[in-house]
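What follows is one structure encoded as structure tokens, with my remarks underneath.
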Amino acid sequence: MMHTTPDHVSSRFGLRRSGSRGKILSGRGTEILGWVLFVLSALGFILSSLRSGDLAGLLGGLLFLAGCLVFLLPLMRRPHA
């Protein structure tokens, strides 16, 4: 038997929420979590590049971090809908 979720519970980002049985991150929460993990990854690249003295890796890590923040900051400012 296939469980379908009614359209009125679809999230703001087009992702479906789970039923009332369990809370699963969806929509905004999942998006923010994903970007936070990318930021942590960028910080890891930066730290690794600093320790090894890799200038190209450091610049790449800094650009990656800046790009992540560009996408993350608007999500942090947007009020919950």
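Observations, loosely collected:
- Per-region count, region 36-77, residues under 18 Å from SER26 (Cα atoms), surrounded by 10 or more Cβ atoms within 10 Å (Cβ to Cβ) and without any contact (Cβ under 8 Å) to a residue 12 or more places away in the chain: 1
- Count of region 40-80 residues, restricted to those that are at pLDDT 95 or above and hydrophobic (A, V, I, L, M, F, W, C), is 16.
The values are calculated or read from the model by the stated rules, or taken from the named source; none is laboratory data. Just so we're clear, the structure is a prediction, and the values are computed from it rather than from any experiment. Counting neighbours? That spans all protein chains shown, and the Cβs are built from the backbone with ideal geometry, glycine included.
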